[in-house]
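Here is the structure we will look at.
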Amino acid sequence: MKNLHIPAICVHAYGGPEQLHLEEIPVPVPAKDEVLIKVVASGVNPIDWKLREGLKQHPLPFIPGVEASGIVTAIGEGVFGLKTGDEVYGAVDGSYAAYAIAPAVQLFRKPMSLSFEEAAAMGGAKTAWGALFDVGHLAKGQRILIHAGAGGVGLFAVQLAYNAGAYVIATASPENMDFVAGLGASEVIDYKAAPFETQVDPVDIVLDTVGGDTTLRSMSVLKSGGQLLCLVGLPDPEQAAAAGIHAVWAGTKTVAAMKEVHKMLERDLIKPYVRKVFQPLSQAAAAQEYSKSNGPGRGKIVLKISEE
Ligand SMILES: NC(=O)c1ccc[n+]([C@@H]2O[C@H](COP(=O)([O-])OP(=O)(O)OC[C@H]3O[C@@H](n4cnc5c(N)ncnc54)[C@H](OP(=O)(O)O)[C@@H]3O)[C@@H](O)[C@H]2O)c1
């Protein structure tokens, strides 16, 4: 593969979708403990367009994408347990490219039952796990409100909280209410019909995947001493203290969390859901704009990059 060039989306300056340039780059070479994969599908995460816009800083230039599925094509020194030809998915930085490198520990074998598109849609699971269990220490019998139960993170949070024996309440648009109930929510709140805080009895934990006004209004539905797990932004600490709640940043991503969700996937306890597939790689801008529009929808947006 040396001296070969591959197509990749490159961002050289922060800005709009016009900053996503389809270019040819040298094929990356895996270092120690790393694996090169042929990317079949990349998840499209809201962080992708936030980084492109400079809302969160990322060194320039960069290739967007944080999660993918694909086929192992080369392995670096010290990698055990994976071999050329293995079908994998996991956390892959720079996944908007025909080939990408990832640490071997961040890759997991794709179950045969999942398509590559579905496997690329798994990224929100580790986020949900980290927030609910590593940060929130969610326990059986606790009442939890999960915002955006049909979203890329929320749909896994509902399934994981249900499996943990929590009483799950989730918000969704009317067209997604049955879907979210099917994931394990005991109550689904149509947040468009009336403010969610008028429709829910006090809860122990809120998982906030929406931010803004939703973060502030969530404080009023928590029991005294309850936890607001934030994945978008934190409220003013003084406001949280006045409300008698704990607001914490819950955006952790650990290999341990990935292992836990992989085990649950293999046991068929959780399932990804693909909202829309864009293809080929040149559709990256359209995929990010669709993600940013935050319109009604369920599941994960996926960018299909190559045929398996
Ligand atoms: N994905 C990750 O791994 C990750 C990691 C850390 C942080 N985050 C952050 O978490 C946030 C959510 O990520 P995501 O991947 O879940 O996004 P997403 O899949 O794009 O979420 C979109 C969903 O949000 C719902 N929604 C929109 N406005 C809402 C509101 N006011 N109340 C309730 N639901 C609402 C919509 O559901 P309906 O159609 O039912 O209205 C839509 O399906 C993003 O800001 C992201 O940056 C994500």
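The values are calculated or read from the model by the stated rules, or taken from the named source; none is laboratory data. Nothing here was measured: the structure is a model prediction, and the numbers come from that model. Methodologically, a virtual Cβ is constructed for each residue, glycine included, from the backbone with ideal geometry; neighbour enumeration extends over all protein chains shown. Please note that ligands, DNA and RNA were not included when accessible areas were found on the heavy atoms of the full protein model with its side chains. Shrake-Rupley method; radii C 1.70, N 1.55, O 1.52, S 1.80 Å.
Per DSSP H run of n ≥ 4, the term is -39500 (n - 2.57); total these for the chain, divide by its residue number, and report the mean residue ellipticity at 222 nm rounded to 500 deg cm²/dmol.
It lands at -6500 deg cm²/dmol.
Students often get this wrong, so check it: of Lys140/Lys263; Lys56/Lys263; Lys32/Lys292; Lys110/Lys300, which have C-alpha atoms separated by over 27 Å?
Lys56/Lys263; Lys32/Lys292
Applying 1/(1 + (r/R0)^6) with R0 = 25 Å to the Cβ-Cβ distance of His21 and Thr252, what FRET efficiency is obtained, to the nearest 0.05?
Once rounded, the FRET efficiency stands at 0.20.
Taking Cα atoms, how many degrees apart are the long axis of helix 154-163 and the longest axis of the chain, rounded to 10 and kept between 0 and 90?
Approximately 70 degrees, to the nearest ten.
Using R₀ = 25 Å, calculate the FRET efficiency as 1/(1 + (r/R₀)^6) where r is the Cβ-Cβ separation of Lys259 and Ala139; round to 0.05.
The value I calculate is 0.75.
Long-range amide H contacts for Phe278: which residues qualify at under 5 Å (H placed 1.01 Å from N, peptide plane, sequence gap of 5 or more or a different chain)?
Val302, Leu303, Lys304
FRET efficiency for Asp178 and Ser220, Cβ-Cβ distance as r, R0 = 30 Å, nearest 0.05?
My answer for the efficiency is 0.65.
Which value, in Å² rounded to 10, gives the accessible area of Trp249 with a 1.4 Å probe and all protein chains present?
110 Å²
What residues have an amide H closer than 5 Å to that of Ile25, excluding those fewer than 5 places away on the same chain, when H is modeled at 1.01 Å from N in the peptide plane?
Those qualifying (amide H under 5 Å, at least 5 residues apart or on another chain) are Ile6, Ala8.
For the chain, what is the percent of antiparallel DSSP beta bridges, rounded to the nearest 5?
55 percent
Once you have the Cα-Cα distance between Val29 and Glu197, take 0.36 nm times their residue separation minus that, and quote the gain in nm to one decimal.
55.3 nm
Would segment 1-135 count as rounded, prolate or oblate if I go by the C-alpha gyration tensor, calling it rounded below 1.5 in a/c and otherwise prolate when a/b exceeds b/c, oblate otherwise?
Because a/c hits 1.5 or more and a/b fails to exceed b/c, segment 1-135 counts as oblate.
Enumerate the calculated ³J(HN,Hα) couplings along segment 303-308 in order (Karplus 6.51 cos²θ - 1.76 cosθ + 1.60, θ = phi - 60°), each rounded to whole Hz, writing x wherever the residue is Gly or Pro.
10, 7, 9, 8, 7, 6
With a 1.4 Å probe and all protein chains in place, put Leu269, Leu107 in order of accessible area, largest first.
Ranked from most to least accessible, the order is Leu269, Leu107.
At 0.36 nm per residue, and after removing the present C-alpha to C-alpha distance, how many nm does the segment from Leu234 to His5 gain when stretched out fully?
Contour length minus Cα-Cα distance gives 78.2 nm.
Treating the angle as unsigned and between 0 and 90°, give the value, to the nearest 10°, between the Cα long axis of helix 284-293 and the longest Cα principal axis of the chain.
0 degrees
Run the accessible area of the chain with a 1.4 Å probe and give the carbon-and-sulfur part as a rounded percent.
54 percent
How would the chain be classified by its alpha-carbon gyration tensor: rounded, prolate or oblate, with rounded meaning a/c under 1.5 and the a/b versus b/c comparison settling the rest?
It comes out prolate by the Cα gyration axes.
Can you tell me the dipole magnitude for the chain around its Cα centre, using point charges on the Cβ only (Lys, Arg +1; Asp, Glu -1), in Debye to the nearest 20?
380 debye
Placing +1 on the Cβ of each Lys and Arg and -1 on the Cβ of each Asp and Glu in the chain, which of Leu229, Gln57, Gly16 has its Cα farthest towards the positive end of the resulting dipole?
Of Leu229, Gln57, Gly16, it is Leu229.
Counting only the heavy atoms of the protein chains, how much of Thr127 is accessible to a 1.4 Å probe, in Å² to the nearest 10?
Here the accessible area works out near 20 Å².
Per residue, how much accessible surface does the chain expose to a 1.4 Å probe? Answer in Å², no decimals.
43 Å²
Taking 0.36 nm per residue of separation and subtracting the Cα-Cα distance, what length does fully extending Ser293 through Asp268 add?
Taking 0.36 nm per residue and subtracting the Cα distance, the gain is 5.9 nm.
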